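Student: The structure is given below, and queries will be raised subsequently.
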Amino acid sequence: MHAPLIGITIHPVTDTDRATLDALVDAIVQSVERAGGLPALIPLGLSESTLRNLYTRLDGLLLSGGGDVHPDRYGSTWHETLGGVDAERDGTELALAQWVAGDTKPFFGICRGTQVLNVALGGTLYRDISEYPEAIRHTYPSAEYATQRPHEIKVEEESVLSRVVGQPVIAVNSLHHQAIKDVAPGLAVSARAPDGLVEAVEIPHHPFALAVQWHPECLPDAPEQRALFESFVAAARKR
């Protein structure tokens, strides 16, 4: 059976959270492989033409988690809580997100990947969820978030996410201090947390373009979390 080539974005080697992010990328690679995909890491620093050529050869694109998007990218200003900001990564991933939104290549975003997709299509972010008065806790130490699922999300009916996970409510792990503020035109909300914050978005009428705010790669024993990777890879195989 054809193993689709899945491009996975990575973080800069200078990131202060590199050990944690390395572990997350490793878990994503394992999840993609387990689902039948052929993982390929997309390096930073490529020219636009090289990045575009690489993109065209992919069967699917996955934007991984990591540091914050620079607030300049969504018309805001610096905030003291921002960290892991990298202009090169922003440029690479925003370009990829815009390209994938404009064609039929399957896409899956995780955590930062959700925020990048929203910004790439004209949305904004809460620079820190403290800017959202009703926010519950969404950030947990690395020793906890991998296996603990501190809050549930309500999945929107008739969404791609609903078809994938097959449940109206699921419990998720949580490791994000930012969240979607204004949802970009062209995106639909797929799930929300109990406090109302967006937990998943998708591009309607796209063969498969889904992004989630939690880390399914850290929950490989949960069938609904594995299904996210399996559905994504299956869509890439069909393309």
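Student: Taking the stretch 66-93 as the region of interest, how many residues are of a type in the set (A, V, I, L, M, F, W, C) and over 22 Å from Ile28 (Cα atoms)?
Tutor: 3
Student: Is one or more of the residues making up the stretch 179-187 more than 20 Å from Gly109 (Cα to Cα) and of a type outside the set (Asp, Glu)?
Tutor: no
Student: Check Ala27, Ala40 and return the single one that is under 16 Å from the mean Cα position of the chain (by Cα) and either modelled with pLDDT of 95 or more or among the small types (Gly, Ala, Ser) (or both).
Tutor: Ala27
Student: Go through the stretch 219-239 and give me each residue that's surrounded by 23 or more Cβ atoms within 10 Å (Cβ to Cβ) and in contact with a Ser or Thr (Cβ under 7 Å, 6 or more places away or on another chain).
Tutor: The one that is surrounded by 23 or more Cβ atoms within 10 Å (Cβ to Cβ) and in contact with a Ser or Thr (Cβ under 7 Å, 6 or more places away or on another chain): Phe229.
Student: Let me ask you something else. Among the residues of the stretch 90-104, are any touching a strand residue (DSSP E or B) at 6+ places or on another chain (Cβ under 7 Å), in contact (Cβ under 8 Å) with a residue 12 or more places away in the chain, surrounded by 23 or more Cβ atoms within 10 Å (Cβ to Cβ) and assigned to a strand (DSSP E or B)?
Tutor: No - not one qualifying residue is present in the stretch 90-104.
Student: Taking the stretch 208-239, which residues are modelled with pLDDT of 95 or more and touching a helix residue (DSSP H, G or I) at 6+ places or on another chain (Cβ under 6 Å)?
Tutor: Once the filter is applied, which keeps residues that are modelled with pLDDT of 95 or more and touching a helix residue (DSSP H, G or I) at 6+ places or on another chain (Cβ under 6 Å), the stretch 208-239 yields Phe208, Leu210, Ala211, Gln213, Pro216, Glu217, Glu224, Gln225, Ala227, Leu228, Phe229, Ser231.
Student: Okay, next question. Among the residues that make up the stretch 109-128, is at least one of them surrounded by fewer than 18 Cβ atoms within 10 Å (Cβ to Cβ) and touching a Phe, Trp or Tyr at 6+ places or on another chain (Cβ under 6 Å)?
Tutor: no
Student: Just to be sure I understand the filter: pairs with C-beta atoms under 7 Å, separated by 6 or more residues or on different chains, first member in the stretch 18-37 and touching a residue at least 12 places away in the same chain (Cβ under 8 Å) and of a type in the set (S, T, N, Q), second member loosely packed, with under 14 Cβ neighbours inside 10 Å and assigned to a helix (DSSP H, G or I). Which pairs pass?
Tutor: Short answer, once both residue conditions are applied: Thr20/Ser142.
Student: Out of everything in the stretch 43-89 that is among the basic types (Lys, Arg) and surrounded by 11 or more Cβ atoms within 10 Å (Cβ to Cβ), what residue ends up being farthest from Asp15 (Cα to Cα)?
Tutor: It comes out as Arg52.
Student: Suppose we keep only residues that are surrounded by fewer than 22 Cβ atoms within 10 Å (Cβ to Cβ) and in contact with an Asp or Glu (Cβ under 7 Å, 6 or more places away or on another chain) within the stretch 167-192. Which one would you say is nearest to Gly75 (Cα to Cα)?
Tutor: Going through the qualifying residues, I end up with His177.
Student: Answer yes or no as to whether Ala143 is at pLDDT 95 or above, among the small types (Gly, Ala, Ser) and either assigned to a loop (DSSP other than H, G, I, E, B) or surrounded by fewer than 19 Cβ atoms within 10 Å (Cβ to Cβ) (or both).
Tutor: Here the answer is no, as Ala143 does not meet what is asked.
The values are calculated or read from the model by the stated rules, or taken from the named source; none is laboratory data. Predicted model, so just to flag it, every value in this text is computed and none were measured. Cβ: placed from backbone, ideal geometry, glycine included. Neighbour counts: every protein chain shown.
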